[in-house]
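Dumping the structure here so I can ask a few things about it.
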Amino acid sequence: MPASPTDTASTTRERILDVALELFTSQGYDKTSLREIAERMEFTKAAIYYHFASKADILKALHMRLHDFGRDSMESMEDEASLEAWATLLEGLIDQMLAQRALFMFHERNQAAIEALHDEAHEGEHRDIQDWFRQVLSNEKLPAETRVRLACAIGAVMGGLAFSGEVFASIPSDELGGMLRRAVGSLLDAPSP
């Protein structure tokens with residue numbers, strides 16, 4: 001069964017984003033042109049414009065991949081009240097983040113360009129994510145010490161990958177994953193009496 005025009009357009013759009021991700025990460029957003037993206041894909045610039053109105057729209061779409069990443073895991077954490085369940089969910093989040101290391105590297109290397117494209121809707125989404133973390137961490141079903149440990153464990157995961165991707169770029173994913181799991185495990189271990 002041949003792909004529908006919608007499926008083909010969606011696939012082409014994703015391929016454009018994948019090529020842009022690679023180029024923006026290796027060269028930087030400012031040093032990458034639409035012409036280079038088109039040439040890498042053996043397209044014309046007009047073909048790129050069919051899917052994206054501008055290079056900034058490509059940047060925003062890549063940034064939104066990061067926002068969409070892990071949303072299901074985070075939403076499933078909302079009602080969890082045990083450290084064991086959180087440990088399992090954070091381990092899954094580590095796996096997902098390691099599978100998307102290139103996306104985190106892109107974000108870290110292009111922070112200035114990403115900050116420049118923030119608009120009110122995007123700022124609202126950032127506030128939504130922050131509010132979500134506040135709501136989850138204020139869940140009084142969990143004791144205060146558990147919530148503090150959980151906040152630190154989330155920080156370890158984010159710091160280990162999202163905020164330090166470039167610093168740890170030379171560490172293989174399986175090795176980095178093991179280190180992150182041990183750090184998270186030690187933060188979530190029950191306190192000694």
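The values are calculated or read from the model by the stated rules, or taken from the named source; none is laboratory data. Computed from a predicted structure; not experimentally measured. FYI the Cβ positions are ideal-geometry reconstructions off the backbone, even for glycines, and counts take in every protein chain you see.
Filter segment 147-185 down to the residues that are β-branched (V, I, T) and surrounded by fewer than 19 Cβ atoms within 10 Å (Cβ to Cβ), then identify the one that is farthest from the chain's Cα centre (by Cα).
Step one: filter segment 147-185 for residues β-branched (V, I, T), giving 148, 154, 157, 167, 171, 184.
Narrowing the set further to residues that are surrounded by fewer than 19 Cβ atoms within 10 Å (Cβ to Cβ) leaves 148, 167, 171.
Working: V148: 23, V167: 17, I171: 18 Å.
The extreme case among them is V148.
Still on this structure, I have one more. Output the residue which, of all residues in segment 169-193 that are outside any helix (DSSP H, G or I) and at pLDDT 85 or above, is farthest from V136 (Cα to Cα).
Looking at residues that are outside any helix (DSSP H, G or I) and at pLDDT 85 or above, I get S170.
Mind listing just one residue for me: the one in segment 67-84 that is modelled with pLDDT of 70 or more and over 19 Å from A144 (Cβ atoms) and, of those, surrounded by the fewest Cβ atoms within 10 Å (Cβ to Cβ)? First the steps, then the outcome.
If we filter segment 67-84 for residues that are modelled with pLDDT of 70 or more, which is where we start, we get 67-68, 82-84.
Those left that are additionally over 19 Å from A144 (Cβ atoms): 67-68.
On the way: H67: 13, D68: 9.
In this case the residue turns out to be D68.
Scanning segment 20-66 for residues that are of a type in the set (G, A, S) and outside any loop (DSSP other than H, G, I, E, B), which turns out surrounded by the fewest Cβ atoms within 10 Å (Cβ to Cβ)?
First pass over segment 20-66, keeping only residues of a type in the set (G, A, S): 20, 26, 28, 33, 38, 46-47, 53-54, 56, 61.
Checking the rest, the ones that are also outside any loop (DSSP other than H, G, I, E, B) come to 20, 26, 38, 46-47, 56, 61.
Numbers: A20: 25, S26: 12, A38: 18, A46: 8, A47: 13, A56: 13, A61: 17.
This residue is A46.
Another question, then. For segment 112-123: of the residues being surrounded by 11 or more Cβ atoms within 10 Å (Cβ to Cβ) and not hydrophobic (A, V, I, L, M, F, W, C), which is modelled with the highest pLDDT?
H118
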